[in-house]
Protein chains: 2
Amino acid sequence: MVASLATQREIFARIDERLEDDILRLQAFVQQPSISAENHGIRHCAELLRGYLAALGCDPAELVETEGHPVVYGERWVGAPQTLLIYLMYDTQPVLGETWSVPPLEGRIVEQEPFGRCLVARGAKNSKGPLRAFLNSVEAIQDVTGSLPVNLIFVAEGEEELGSRNLPRFVERYASRLGKADAALHPYALQEPDGRVLIWPGTKGLLYVEIEASGGRWGRGPRAYDIHASQKAIVDSPAWRLIAALSTLVAADGNSVTIDGFYDNVRPPTAAEEAAVESLAHTFDLEPFKQLWNVDAFLDEEMTIGLLRRYFFTPTLNIDGIWGGYTGPGSKTVLPHRATAKLDARLVPDQEKDEILAKLRRHLDDRGYDDLDVRLMGGGEWSQTSPDARIVRAAVSGLRELGVEPEVWPRNVGFFPAYLFNRRPLELPFCVAGLGHGGRAHSPDEYFALDGNSAVAGLAGCEKSYAAILFAYASQGT
Amino acid sequence: MVASLATQREIFARIDERLEDDILRLQAFVQQPSISAENHGIRHCAELLRGYLAALGCDPAELVETEGHPVVYGERWVGAPQTLLIYLMYDTQPVLGETWSVPPLEGRIVEQEPFGRCLVARGAKNSKGPLRAFLNSVEAIQDVTGSLPVNLIFVAEGEEELGSRNLPRFVERYASRLGKADAALHPYALQEPDGRVLIWPGTKGLLYVEIEASGGRWGRGPRAYDIHASQKAIVDSPAWRLIAALSTLVAADGNSVTIDGFYDNVRPPTAAEEAAVESLAHTFDLEPFKQLWNVDAFLDEEMTIGLLRRYFFTPTLNIDGIWGGYTGPGSKTVLPHRATAKLDARLVPDQEKDEILAKLRRHLDDRGYDDLDVRLMGGGEWSQTSPDARIVRAAVSGLRELGVEPEVWPRNVGFFPAYLFNRRPLELPFCVAGLGHGGRAHSPDEYFALDGNSAVAGLAGCEKSYAAILFAYASQGT
C-alpha cells in the first residue's frame with residue numbers, strides 16, 4: 001500500500017486529533033515502572049506492551065522468556081511486499097539516588113520553555129516515550145487506511161540498560177522469523193534543540209572491562225587489606241602496578257591507543273562515509289557542541305573536518321572510573337592492597353569486541369602483567385548500514401516530506417545492540433530515525449517534548465515522522 | 001639523685017602496689033574523649049591533663065593556646081643536673097564509622113588472651129595509655145623518693161592526629177624554655193607480642209600530597225562534570241593525564257622513585273646505623289613480619305639484610321589512594337572530568353619535605369604537567385639521634401635492668417613530629433622507648449595490655465621501664 005498525498009494528509013490530521021489521547025497513552029506507559037536493574041515492574045510492563053501489540057492486530061503477540069527479562073515479540077502481517085523489524089526497548093534506568101523535581105514514575109506534564117508541555121518521567125525519552133509514539137502512529141495509520149504500508153515484526157527487549165545480555169540468544173532462537181524482515185528500524189526522537197535532525201545508520205561497538213591489580217593475585221604487596229604506608233619501603237604496591245600497566249595502553253596524550261594490534265582491523269572510511277562527513281563539516285558548529293559537552297577545547301580544535309573524522313571513524317580507549325585505597329578527606333596513609341579501573345573501548349568496523357579483549361589480555365601478559373584481572377563487564381559489536389540502503393533513503397525522504405533536511409551521520413558514537421540484527425546471520429539494514437526531542441536520559445528530570453516549537457517537533461510531529469518513514473519505505477525504489 | 005638498687009626496688013614495689021589504682025587512672029583518662037578531628041572533648045581533656053601535671057608539682061602547669069587545640073605545658077624542677085623534655089600527645093583518632101566490640105569511650109577492661117586483662121578503648125595504646133602510665137611512674141618515684149632523678153619539661157599536644165599543625169609555632173614561641181632540656185623522650189609501649197623490645201632514636205620524614213588532573217584547570221577534557229564516554233573520540237581525558245603523569249614518578253616496578261633529583265640528598269647510613277642493621281639481621285625473622293603486614297613476599301625476599309637496609313634507609317613514594325569517575329557496580333560509561341591521587345613520600349636524612357615538594361612540582365612542570373594541582377596535605381621532617389647519645393644509652397641500660405635486651409632500630413619508619421625538638425634550633429637528642437604492649441591503633445578495639453604475660457610487660461612493667469630509663473639517664477656517664 002503506497003499512500004497518496006491525500007491519505008497521508010488524512011493520517012496526519014488523525015494524529016493531530018488524537019494528540020491529547022496520545023499524551024495520555026504515553027503517560028500510562030511511563031507510569032508502569034520497568035526498571036530492569038531492580039526488576040521493578042518489568043513483567044507488568046512487558047504484559048502491558050504485549051497488550052498494546054495485540055490491540056494493533058499483532059499475531060503472535062507474546063512474551064518470550066529468556067534467562068533474564070522477557071522479550072515482547074509481535075508480528076503484524078498485512079500482506080505488504082516489504083517487512084520491517086522494529087527494535088524497541090521497554091526497560092529504563094533506575095531512579096534510586098537521583099533528585100527529581102517531580103516524582104519520576106508519575107508521568108507528570110510540566111511546562112518547559114522553549115518546548116511547551118513536556119512529559120517529565122523516567123523513560124520519557126529513553127525510550128518509552130518514542131516507543132509508545134511509534135505505536136500511536138501505527139494505530140493512526142490503521143485507523144485511516146485499515147492497514148499498514150509494510151508488515152511489522154516487533155522485538156522489544158527488557159534488558160537494554162543491562163547490556164542486552166539475553167538478546168543474542170533470543171535472536172538466535174528467532175532467527176528464521178526475524179529473517180523475514182527486509183530491514184530494521186529503531187524509532188527514536190533524534191532532534192536537537194536547534195531543530196537539526198539526525199539519522200544514524202550504524203553504531204560503534206563497545207568493550208567494557210574492569211582491570212584490577214591486587215596483592216592477593218600478584219603474590220606481592222598486601223594480600224587482603226590495606227596496610228600502613230610506611231611499609232612501602234619493603235612491600236610492593238598494587239596501585240603503582242595498575243598505573244604502570246595502564247600507562248602502556250595509551251600514548252602519553254591519552255588518545256592514541258597503544259594496545260598491540262589495536263588498530264589492525266580499522267577499515268578506512270568508505271567514500272560515502274567520507275562524503276557524509278565532508279558535507280556535515282560545512283554546517284557543523286563546534287561552539288554549541290562544546291557547550292553541550294562541557295568542554296573548552298576538542299582534540300583537533302583547528303579543523304572541524306578532522307574532528308568529525310575522529311568522532312566517527314576513530315576507536316577509543318577511555319577510563320570510566322578508577323579507585324583504590326583511601327579516598328576520603330585528609331591524609332590517612334595506607335598502602336592499598338588493590339586498585340581497579342573501569343575502561344571502555346569504542347570500536348569501529350572491522351574491530352570486534354572479543355578480538356580487542358584478547359589483544360588487551362595478550363598485551364598485558366606480554367609485559368608481565370599476567371596477574372592483572374581483566375573482567376569483561378559488557379559490550380557488543382558495531383553495526384553499519386550504507387547511506388544508500390533503502391531504509392536510510394526512506395528515512396531521509398520521509399523526513400523531507402515533513403519539511404526538514406536530516407543529516408545522515410556515519411554512525412551513532414554511542415552503543416546499542418543494533419549489531420544483533422545488522423550483522424550475521426540476519427544482516428538487516430538498520431537505522432535509527434525520527435523527529436521529536438527529549439533530554440536528560442539516565443539523569444533526573446528526563447523529559448520528552450509534547451508540544452514542541454517552531455524548530456522542534458512535539459509528539460504529533462514525532463508520530464507523523466514515523467508514519468512518513470513507513471510510507472516512504474514502502475514506496476522507495478530498491 | 002641517683003637511685004640505689006634498694007630505692008629502685010622500693011619504687012618497683014610501690015608500682016606493683018599501685019597497679020589497680022593505676023588501672024583506674026588509665027580508665028579515667030580514656031573515658032574523657034579527646035578526638036581532635038571532631039573537636040570532641042579536647043579542651044576538657046587538656047584541662048584534665050593540666051590537673052595531672054599540677055598534681056605532680058609542675059610549675060607552671062598550663063594550657064598554651066594555639067590556632068587549633070591547646071598544648072598542655074608543664075615544668076617540674078627538682079634541682080637535678082639533667083633535664084628531659086617529655087613529648088606527649090593527648091588527642092586520639094575518631095571512632096565514627098568503626099564497629100567496636102565494646103563502647104570505645106568507656107574504658108572497658110576485657111580479658112584478651114594471651115595478655116590477660118586489657119584496656120579496650122580509643123587511645124588505649126595511641127597514646128593516652130602510655131601517657132598516663134608515664135605520669136603514674138613519676139608519681140611512684142616521687143612517692144618513694146620525694147623527688148625525681150631528672151627535671152621534666154612536659155609538652156603534650158592535642159593535634160598529633162591532625163598532623164601537629166600548630167606545634168611548630170608553639171615550639172618557636174617556647175624555644176628558650178624548651179632549650180633548657182638536655183634531651184627528649186617520648187614514652188611509649190614498644191614491645192611486640194613475642195616480647196621483642198624496640199627503641200627508636202629517629203623517624204623518617206613525611207610529605208603528603210594530593211595530585212589532581214582536571215578538565216577545568218587543564219583547559220581540555222570535560223570542564224565541570226563527567227560526560228558520556230562516547231565523546232572520548234574528540235575530548236581529552238584528565239584521568240589518562242593523571243595516569244601518564246603518575247607513571248613518570250616511579251619506575252615500572254613501583255619502587256624506584258624517578259622524580260628528578262629525588263635521591264640527591266639521601267645521606268649514606270652511618271657506620272653505627274649499618275652496625276645496628278647488621279646486628280638486627282642476625283635475629284630478625286621475616287615470617288612473623290610477613291604475617292604482621294599481610295604479605296606473601298617482600299621486595300628483596302632473598303636477603304634479610306638488604307630488606308632491612310631498604311626498610312630503614314630508603315625513601316619511598318606511595319599511592320595512598322586514587323579515585324575518579326564512576327566507581328560503583330556495573331558498567332556505567334563516563335569520561336570523568338577529574339581524577340585525583342593521594343601520595344606520601346617517606347624521607348630519610350638529609351631529604352627535606354619542602355625540597356621534595358618543590359622537586360615534585362618542578363618534575364611535573366618540566367614534563368608539561370603544570371596544570372596538575374599538587375596540594376600539600378601535611379607532613380614533617382625526619383629526626384635522627386645517634387645510638388651513642390646519652391638518652392639512647394639510658395633507654396638501653398634502663399631496659400636491661402628489667403631483664404630485656406632492646407633492639408635499637410635505626411629509626412621509626414612511621415612519622416611523628418620528633419623533628420621539632422630534634423632538629424634546629426633545639427637539637428635535642430630524642431628517643432622513643434618503653435616496655436608494654438598495645439595494638440589496633442587507629443582501628444576498632446584498640447587495646448593496651450594491663451596484665452601482660454611472661455613475654456610482654458603489663459602496665460606495671462611499662463611504668464617500671466619509664467622509671468628505670470629516668471634513673472639510667474641521670475646516672476649515665478656523658
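All of the numbers you see were taken from the coordinates with simple rules; none came from a lab. Here the structure is a predicted model, which means the values were calculated and not measured. Note: ideal-geometry Cβ built from the backbone for every residue, glycine included; neighbour counts use all protein chains shown.
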Output ³J(HN,Hα) for region A:414-419: one whole-Hz value per residue in order, computed from phi by the Karplus curve 6.51 cos²θ - 1.76 cosθ + 1.60 with θ = phi - 60°, and x for Gly and Pro.
-> x, 9, 8, x, 4, 4
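Please average, across the residues of B:211-224, the number of beta carbons from any other chain that are within 10 Å of each residue's own beta carbon, and give a whole number. Working shown, then result.
Working: counts 0, 0, 1, 0, 4, 2, 0, 2, 3, 8, 5, 4, 6, 2.
What the average comes to for B:211-224 is 3.
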Please report, to two decimal places, log10 I(q)/I(0) for region A:165-275 at q = 0.11, 0.17, 0.22 Å⁻¹ as given by the Debye formula with identical point scatterers on the Cα atoms and no solvent.
-> -0.77, -1.08, -1.26
Closest-to-axis residue of chain B (Cβ criterion, axis taking B to A), whole Å = B:Ser247, 2
Checked against a 30 Å limit on the C-alpha separation, the offending pairs among B:Lys353/B:Lys464; B:Lys332/B:Lys353; A:Lys128/B:Lys332; A:Lys332/B:Lys128; A:Lys180/B:Lys332; A:Lys125/A:Lys359 are B:Lys353/B:Lys464; B:Lys332/B:Lys353; A:Lys180/B:Lys332; A:Lys125/A:Lys359
What shape does region B:1-140 take by its C-alpha gyration tensor, where a ≥ b ≥ c are the square roots of the eigenvalues and a/c under 1.5 counts as rounded, a/b above b/c as prolate, and the rest as oblate?
-> oblate
Peptide B:334-343, shielding by other chains (average Cβ, 10 Å cutoff) = 5
Using the number of other C-beta atoms within 10 angstrom as an exposure proxy, rank B:Arg346, A:Arg424 with the fewest first.
-> A:Arg424, B:Arg346
Compute the label-point distances linking A:Val374 to its equivalents in the other copies; points lie 7 Å from Cα along Cα→Cβ; give nm, one decimal, shortest first.
-> 3.4
Compute the label-point distances linking A:Ala358 to its equivalents in the other copies; points lie 7 Å from Cα along Cα→Cβ; give nm, one decimal, shortest first.
-> 5.6
Please sort by residue number the GluC sites (Glu not before Pro) in region B:155-249 whose DSSP state is loop and whose Cβ has at most 11 other Cβ atoms within 10 Å.
-> none
Taking Lys and Arg as +1 and Asp and Glu as -1, residues besides B:Ala474 with C-beta under 15 Å from its C-beta add up to +1
Under 5 Å, built H, 5+ apart or other chain: amide partners of A:Thr66 | A:Val71
State the antiparallel share, in %, of DSSP beta bridges confined to chain A, rounding to the nearest 5.
-> 75 percent
In the protein assembly as shown, what percentage of the DSSP-assigned beta bridges are antiparallel, given to the nearest 5?
-> 75 percent
With the calculation restricted to Cα positions, what are the radius of gyration and Dmax of the protein assembly as shown in angstrom?
-> 36.2, 121
Would you give the gap between the C-alpha center of region B:1-55 and the C-alpha center of region A:309-359, rounded to a whole Å?
-> 54 Å
According to the Cα gyration tensor, what semi-axes, each the square root of 5 times an eigenvalue, does the equivalent ellipsoid of region B:308-394 have, listed from largest to smallest in whole Å?
-> 37, 18, 10
Estimated vicinal HN-Hα couplings, Hz - region B:160-175 in sequence order (Karplus 6.51, -1.76, 1.60; Gly, Pro = x) | 4, 6, 9, x, 6, 5, 9, 5, x, 5, 4, 4, 4, 5, 9, 4
Return the long-range amide H neighbours of B:Gln351 (sequence gap of 5 or more, or a different chain), with a cut-off of under 5 Å between placed amide H atoms.
-> B:Arg267
Considering only DSSP states other than H, G, I, E and B, which GluC sites (Glu not before Pro) in region A:398-478 qualify as loop sites with at most 12 other Cβ atoms within 10 Å?
-> A:Glu427
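How high is the relative contact order of region A:13-142, given as a whole-number percent (alpha carbon pairs under 8 Å, six or more residues apart)?
It rounds to 28 percent for region A:13-142.
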Measuring from centroid to centroid over Cα atoms, what is the spacing of region B:441-459 and region A:430-478 in Å?
-> 72 Å
Listed residues A:Leu206, A:Gly219, A:Leu178: farthest to the positive end of the dipole of region A:172-227 (Cβ charges) | A:Gly219
For chain B, the Cα-Cα pair-distance distribution in 10 Å bins from 0, as whole percents, is 4, 18, 27, 25, 15, 7, 3, 1, 0
How many nanometers, to one decimal and shortest first, lie between the label point of A:Val266 and those of its other copies, if labels sit 7 Å from Cα toward Cβ?
-> 4.1
Starting at the first residue of region B:440-448, write each ³J(HN,Hα) from the Karplus equation 6.51 cos²θ - 1.76 cosθ + 1.60 with θ = phi - 60°, in whole Hz, x for Gly and Pro.
-> 6, 4, 6, 9, x, 6, 3, 9, 9
Roughly how many Å is it from the Cα centre of region A:194-210 to that of region A:82-101, as a whole number?
-> 16 Å
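Starting from the Cα gyration tensor of region A:254-309, take the square roots of the eigenvalues, sort them a ≥ b ≥ c, and report rounded, prolate or oblate (rounded when a/c is under 1.5, otherwise prolate if a/b is larger than b/c, else oblate).
Oblate, because a/c is 1.5 or more while a/b does not exceed b/c.
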Relative contact order for chain A using alpha-carbon pairs under 8 Å, separation at least 6, rounded to a whole percent?
-> 24 percent
Can you give the mean number of other chain Cβ atoms that lie within 10 Å of the Cβ atoms in peptide B:160-167?
-> 1
